[in-house]
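Here the structure comes first, spelled out in structure tokens, and everything after it is commentary.
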Amino acid sequence: AGSGGGSGGGGGSGGRAVGALRAEVRVRSLMNVDVEQDVIEWADAVLLGAPVHYGNAAAALLSWVEEGWAPFWQDERLDGKLGGAFATAGGMAQGLEHALTSLHRTLESFRVQIVAGSPTSSSFGSYGAVAVTAPPFAANRSGAIAPPFVEAARLWGQRVAAAAAERVRHREQGPAT
């Protein structure tokens, strides 16, 4: 759940070129996140993702934030950190937007600034990345995410990485002239 030198969050880590931008991404499951090390110290952006259950983000994610982030409630290192949310659901009207905005409010409670998707680049990414995992939207029975959702997520990821890179550049070099 985070990004540093770029963007990220569970099990793997790696760099990926995004245009002229290179972002290092860490993907972490909740059980493998050290909030202070991975989110507070390493990440320039933190992205929270969850399946939608009964119209809300999965309770495990919300519980993790409530318990794991609580010691850092007033930590100034969170001021201005970038963030956002992504979610999956079994249908379009299953609470995707509600879950994303709930996760945004959670991040904003810790003073994280949300990097939203662009409503002009995709009809599936105004609030972050989403995917519907059931027919007729599922790409196939293998569980693969349908291409329109993948593309919207890719574009949003580029936006987050670019915003994080600009934040790092500004911090290291001062304002652009």
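The values are calculated or read from the model by the stated rules, or taken from the named source; none is laboratory data. Not measured: the values here are computed from a predicted model. Backbone-built Cβ (ideal geometry, glycine too); neighbour counts: all protein chains shown. Quick note on the areas: whole protein, heavy atoms, side chains included, nothing else; ligands and nucleic acids left out. Shrake-Rupley method; radii C 1.70, N 1.55, O 1.52, S 1.80 Å.
Number of residues in the stretch 46-69 that are open to solvent by less than 50 Å² (accessible area, probe 1.4 Å) and over 30 Å from Ala134 (Cα atoms): the value is 2. For the stretch 3-26, which residues satisfy the criterion of being buried (at least 16 other Cβ atoms within 10 Å of the Cβ) and modelled with pLDDT of 55 or more? Across the stretch 3-26, the qualifying residues are Ala23, Glu24, Val25, Arg26. Only a single criterion out of (1) surrounded by fewer than 15 Cβ atoms within 10 Å (Cβ to Cβ); (2) modelled with pLDDT of 95 or more; (3) touching a helix residue (DSSP H, G or I) at 6+ places or on another chain (Cβ under 8 Å) is not satisfied by Phe72, namely (1).
Evaluation of Arg111 against the conditions (1) modelled with pLDDT of 95 or more; (2) open to solvent by 60 Å² or more (accessible area, probe 1.4 Å); (3) on the phi < 0 side of the Ramachandran plot shows that the sole unmet condition is (3).
For the residues Ala176, Ala134, Ala144, the requirement of being open to solvent by 50 Å² or more (accessible area, probe 1.4 Å), in a loop (DSSP other than H, G, I, E, B), modelled with pLDDT under 90 and of a type outside the set (Ser, Thr, Tyr) singles out Ala176. Consider the stretch 147-173 and keep the residues that are among the β-branched types (Val, Ile, Thr) and more than 18 Å from Met92 (Cβ to Cβ). The one that is surrounded by the most Cβ atoms within 10 Å (Cβ to Cβ) is Val160. Could you go through the stretch 117-124 and let me know if any residue there is open to solvent by less than 60 Å² (accessible area, probe 1.4 Å) and under 21 Å from Asn56 (Cβ atoms). Yes, some residue in the stretch 117-124 is open to solvent by less than 60 Å² (accessible area, probe 1.4 Å) and under 21 Å from Asn56 (Cβ atoms). The set of residues in the stretch 52-106 that are among the acidic types (Asp, Glu) and within 19 Å of Leu30 (Cα to Cα) comprises Glu66, Glu67. Assess whether Leu103 counts as being at pLDDT 90 or above, out of contact with any Leu (no Cβ under 7 Å at 6 or more places or on another chain) and open to solvent by less than 50 Å² (accessible area, probe 1.4 Å). No; evaluated as a whole, the condition is false for this residue.
Any chance the stretch 80-95 includes a residue that's within 28 Å of Val132 (Cβ to Cβ), under 16 Å from the mean Cα position of the chain (by Cα) and not in a strand (DSSP E or B)? No, the conditions are met nowhere in the stretch 80-95. Only a single criterion out of (1) at pLDDT below 90; (2) more than 17 Å from the chain's Cα centre (by Cα); (3) open to solvent by 80 Å² or more (accessible area, probe 1.4 Å) is not satisfied by Tyr127, namely (2).
Within the stretch 27-45, restricting attention to residues that are part of a strand (DSSP E or B) and open to solvent by less than 70 Å² (accessible area, probe 1.4 Å), the residue that is nearest to Gly90 (Cα to Cα) is Arg28.
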